[in-house]
Amino acid sequence: MRRLLLKGGRVLDPSRSVDGTYDVAVTGGRIASIRPATGEPPREEGWRVIDCTGLLVIPGLVDIHTHLREPGEEYKETIRTGAEAAAAGGFTTVLCMANTRPVNDNASVTRYIKKRAEEACGVKVLPVGALSVGLKGERLTEMGDLRDAGCVAVSDDGMPVVDGSLMRRALEYSRIFGLPVISHAEDPLLAGDGVMNEGAVSTRLGLKGIPRHAEEIMVARDIALAELTGGRLHIAHVSTRGSVELVRSAKKRGLDVTAEATPHHLALTDEMLLGYDTDCKMNPPLRTVEDRDALREGVKDGTIDTIATDHAPHSSIEKDVEFDDAACGVVGLETALGVVLSLVDDGVLTLDEAIRAMTVNPSRAVGIDAGTLEVGGAADIAIVDLEERWTVDPSLFRSRSRNTPFKGMEMKGRVMKTIVDGEVVYDREGKSS
């Protein structure tokens, strides 16, 4: 591995309360030193120097909620294309959900995912195993086997766990095996065949709505079960004001509960659906201004620990259909940082709050070693131009899918380089690593 010197950038690492102008030296794939910038070139030969003057140097972003579709739906995304999209977005570690075909509910599928990840661009892809066999919500998977094969969490994401006794047992086992349980909080009977948020906009459009209570009832149940069992609970894609209040209350009581919100729920509302654009159809659906603002406040005060993309690629086969029939989900790996930095630019979040929610906090939520620039740790780094403005063009995505609600929107802040274990895996200027 070559030696890298990142010179003169603004180094921001919320995990260590670092924010200043530093030189970052990388040797052997690990961070060797972080020292005040000298302006002097290295005295020894053999260093690749990257001038970071005017740029932001942060820990590589960590996304604990992606769908990479492989095995089984490679026409939407592969592990390789998903990893390349992640690198372009500044992510160095991503967790991929279990709702593949076949489902990642056994060690052989987990090992396949790990092997395919090793053959990709270098971004660290960590599998999330299924909570129940076949995502059917009937019996638990062998969580110990999944952990030993490389899974770092369990979840039936995409399918709610309706059986409360099954969720209770999963949380009990989470203590034994050290695997957090990621909850897709949705009451399917209340959600019914709704296709968007239930409210004034759904009435105007004549579309069936999903009430916020469909989420909040299950958030409340799972928090109660976490309190009963002492298990590790993470609530995925929180979308309502009531859910934020439930998580806030749980944390005040000292429960081991964390939560995430997506960039699209933080930035957009159900009014985006006024044009019947299926790229704005997702689950949970975009909610009201009041819900969006509650999510923003939740991130700001730490109630919502993590910003996660819920990257859900779909092809035109699933999206270019009538709204009722379209698949739910949007891609997000290549737009997430731009969306979040736009919130910073608008004064919604501070830069420290935003980067914290995309680096160290998600790492802590699922118990992985990532999201920090600690000396001696892995050199997983993103270099960002905070001032660059750009327009989202889905045709340029590295992802195989194009289903984004942000198409044509202007962003501020863009990834210049992404480094994993000391190797440049993405360079926007196209220079060889």
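The values are calculated or read from the model by the stated rules, or taken from the named source; none is laboratory data. Every value quoted in this text rests on a predicted model; they were computed, and no experiment measured them. Every residue, glycine among them, receives a Cβ derived from its backbone with ideal geometry; neighbour counts consider all protein chains shown.
Sort through Gly54, Gly60 and tell me the only one that's crowded, with 24+ Cβ neighbours inside 10 Å and at pLDDT 95 or above.
Details: Gly54 fails: crowded, with 24+ Cβ neighbours inside 10 Å.
None of the other options fit; the residue is Gly60.
(1) touching a helix residue (DSSP H, G or I) at 6+ places or on another chain (Cβ under 6 Å); (2) in a loop (DSSP other than H, G, I, E, B); (3) without any contact (Cβ under 8 Å) to a residue 60 or more places away in the chain; (4) surrounded by fewer than 22 Cβ atoms within 10 Å (Cβ to Cβ): which one isn't true of Val161, the others all being true?
(4)
Would you check which residues across segment 383-433 are within 18 Å of the chain's Cα centre (by Cα), outside any loop (DSSP other than H, G, I, E, B) and among the charged types (D, E, K, R) and list them?
Passing the criteria: only Arg414.
In segment 79-110, what residues are within 25 Å of Ile381 (Cβ to Cβ) and assigned to a loop (DSSP other than H, G, I, E, B)?
Of segment 79-110, the ones within 25 Å of Ile381 (Cβ to Cβ) are 79-96.
Selection gives Gly89, Gly90.
Looking for something of a type in the set (Asp, Glu), closer than 30 Å to Ser316 by Cα, at pLDDT 95 or above and surrounded by fewer than 20 Cβ atoms within 10 Å (Cβ to Cβ) - is there at least one such residue anywhere in segment 340-362? Reasoning before the result, please.
Our first condition is that a residue be of a type in the set (Asp, Glu); within segment 340-362, this holds for 345-346, 352-353.
Filter once more, keeping what is closer than 30 Å to Ser316 by Cα: none.
No, because not a single residue in segment 340-362 is of a type in the set (Asp, Glu), closer than 30 Å to Ser316 by Cα, at pLDDT 95 or above and surrounded by fewer than 20 Cβ atoms within 10 Å (Cβ to Cβ).
Say whether the condition of being within 20 Å of the chain's Cα centre (by Cα) and surrounded by 18 or more Cβ atoms within 10 Å (Cβ to Cβ) is met by at least one residue in segment 315-326.
If we filter segment 315-326 for residues that are within 20 Å of the chain's Cα centre (by Cα), which is where we start, we get none.
There is no residue in segment 315-326 that is within 20 Å of the chain's Cα centre (by Cα) and surrounded by 18 or more Cβ atoms within 10 Å (Cβ to Cβ).
Output the helices (runs of 4 or more DSSP H) that fall wholly within segment 265-362 and possess 1 or more residues being within 29 Å of Glu70 (Cβ to Cβ) and of a type in the set (Ser, Thr, Tyr), or say none. Step through it out loud before you land on a result.
Details: elements: 289-301, 316-319, 336-345, 351-358.
Correct list: 316-319.
Residue-by-condition table, conditions (1) more than 17 Å from Ala87 (Cβ to Cβ); (2) free of Cβ contacts under 8 Å to residues at least 60 places away in the same chain; (3) not basic (Lys, Arg):
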site: Leu351; (1), (2), (3): yes, no, yes
site: Ala354; (1), (2), (3): yes, yes, yes
site: Thr359; (1), (2), (3): no, no, yes
site: Asp369; (1), (2), (3): yes, yes, yes
site: Gly376; (1), (2), (3): yes, no, yes
site: Ala379; (1), (2), (3): no, no, yes
site: Val384; (1), (2), (3): no, no, yes
site: Arg389; (1), (2), (3): yes, yes, no
site: Leu396; (1), (2), (3): no, yes, yes
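I need the full set of residues from segment 150-164 which are over 22 Å from the mean Cα position of the chain (by Cα) and either within 17 Å of Met97 (Cβ to Cβ) or among the hydrophobic types (A, V, I, L, M, F, W, C) (or both), in order please.
Val162
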